[in-house]
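Data block below; observations after.
Bear in mind that the values in this text are calculations on the coordinates, not laboratory data. Because the structure is predicted, anything quoted here is derived from the model rather than measured.
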Amino acid sequence: MADMIDYNIIGDDMQIVEVELDPEESVRAEVGAMAYMGPGIKMQTSTGGGLFSGLKRMLTGESFFITSFVYEGKDKGFVAFGAPYPGKIIPIDLAKFDGNILCQKDAFLCAAKGIDIDVALTKRLGSGFFGGEGFILQKLSGDGMAFVHAGGTIIKKELADGEHLRVDTGCLAAFTDSIDYNIQFIGGFKNALFGGEGVFLASLKGPGTVYLQSLPLSRLADRILAASTFQQQGER
C-alpha cells in the first residue's frame, strides 16, 4: 500500500505542491522537481527499480533516475515540488480510479511511496504509428496520491458509457484506464496541408475520466522556437 500523505497546492499558474510527511513516510519525484524541504528529509536517488525501470522512464522523456524523499525526523516533515512550466498540478487519488491512470509522457511530477510509474504503449497499432505525443504514455498504478502537471487551463470531462470525445493528441493530459483510446485520421488534402491542427486526433470512448490541457508543452515550445527564429531573422 502507498503511504497516506497530506498535501497543499500553492499558487495559480506556476504551482507548487507541498507534501506533508509523517516519520518514515516518503514521496518519489523526478530529479530536479524539488523546490524546497524542511529538516529531517533525506534524499535517496536511484533508478527506482533497476536498470530497466530507468530506461523505460527515459522513453517517456523523464530522467533515468528518480529521487525518494524520506522523512526521518519526528512529528511532521514537508517537501515541495514545483511545476516545470505554466499550468496546473492535478492531484489524483488512484484509489478512486481503480488504481490506474494514464498520462502524457512528461506529465508525472511526484507520488507517494508505493505508486508505480511505468510505460504504457497505446492499445491500437494505429496509435503507435500515428499518435505523435500520444504514442508513449506514463501509467501510474497504486492506491495512493499521485500528482501530474498539465499546461494552461485544465478541463475535467466525465465520459458516460459509450460517449465519444475527439481531442488533439497534445491536449490530452491524463485519462483513466477504462477509456478506450485510439487515433483517428482526419481525411482530406486541405485538412492535412492547411489545417494547422495535424491530421490525427485522439478518439476517446467512455466510460471514464479525462483531463484536458489547453497548453501542451510541445505547443509552447513551437511558439517559442518560431518567435526566436523570427527575431534572429529580423536581426540579420
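With 0.36 nm allotted per residue and the present C-alpha distance subtracted, the residue 8-residue 214 stretch has 71.8 nm of extension available.
For the cross-link pairs 76/205; 74/157; 105/205; 42/157, the ones whose C-alpha atoms lie over 32 Å apart are 76/205; 74/157; 42/157. Scalar couplings 3J(HN,Hα) for the range 78-84, obtained by applying the Karplus form with A = 6.51, B = -1.76, C = 1.60 to θ = phi - 60°, are 8, 8, 10, 10, x, 5, x Hz; x denotes Gly and Pro.
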